[in-house]
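Below is one structure, written out as structure tokens; comments come after it.
The values are calculated or read from the model by the stated rules, or taken from the named source; none is laboratory data. Bear in mind that the values here come from a model prediction, so they are computed numbers and not experimental data. Ideal geometry is used to build each Cβ from the backbone, glycine not excepted, and the neighbour counts take in all protein chains shown. Accessible surface areas use protein heavy atoms only, side chains included; no ligands, DNA or RNA. Shrake-Rupley method; radii C 1.70, N 1.55, O 1.52, S 1.80 Å.
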Amino acid sequence: MKSYTKELWFNTMFKREFINISEEVEAALKESGIQEGLCLVNSMHITSSVFINDDEAGLLHDFDNWLEKLAPHEPVSSYRHNYSEKNADAHLKRQIMGREVVIAVTEGKLHLGTWEQVFYGEFDGKRRKRVLIKIIGE
Ligand code: ZN
């Protein structure tokens, strides 16, 4: 069995941002040379997510509004976690959007559904963060 590991780094311009990382994940798979197996992609931080959904601007806007309704950033004093930090909302948003995805690898390609795209979801950005890609198989 072969295995391949790669990290992607991000430093977003905004506090909250969604970045389509499908091409980076596909490139890592090509570098791995693996034809059949599994590809794990996970955020290495507790205030950002990796998830799969549609790359449609309206939907991404809807996700952001929905998350802000569920866990509004303000008032920061409404969260116990914010006694020292100001990012409690980012922890909650990450929990809803998830930590990782696992994608089947078939014939050297990510075996995604028709409209499925891999996203990095940042909820406490403007600083360096990373994503882990781990691919195993033959
Ligand atoms: Zn925190």
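Has the stretch 38-58 got at least one residue that is assigned to a helix (DSSP H, G or I) and away from the ligand (no atom under 16 Å from the Cβ)? Scanning the stretch 38-58 turns up at least one residue that is assigned to a helix (DSSP H, G or I) and away from the ligand (no atom under 16 Å from the Cβ). In the stretch 74-103, of all residues being farther than 15 Å from ASP64 by Cα, of a type in the set (A, V, I, L, M, F, W, C) and within 16 Å of the ligand (Cβ to nearest atom), the one that is most open to solvent (accessible area, probe 1.4 Å) corresponds to VAL76. Selection of the stretch 46-67 for residues being open to solvent by less than 50 Å² (accessible area, probe 1.4 Å), of a type outside the set (Gly, Ala, Ser) and either under 11 Å from PHE123 (Cα atoms) or at pLDDT below 95 (or both) yields THR47, ASP64, LEU67.
Restricting attention to the stretch 48-57, does a residue exist that is out of contact with any strand residue (DSSP E or B) (no Cβ under 9 Å at 6 or more places or on another chain) and of a type in the set (Gly, Ala, Ser)?
Initially, the stretch 48-57 is screened for residues out of contact with any strand residue (DSSP E or B) (no Cβ under 9 Å at 6 or more places or on another chain), giving 56-57.
Still in the list and also of a type in the set (Gly, Ala, Ser): 57.
Yes: one or more hits.
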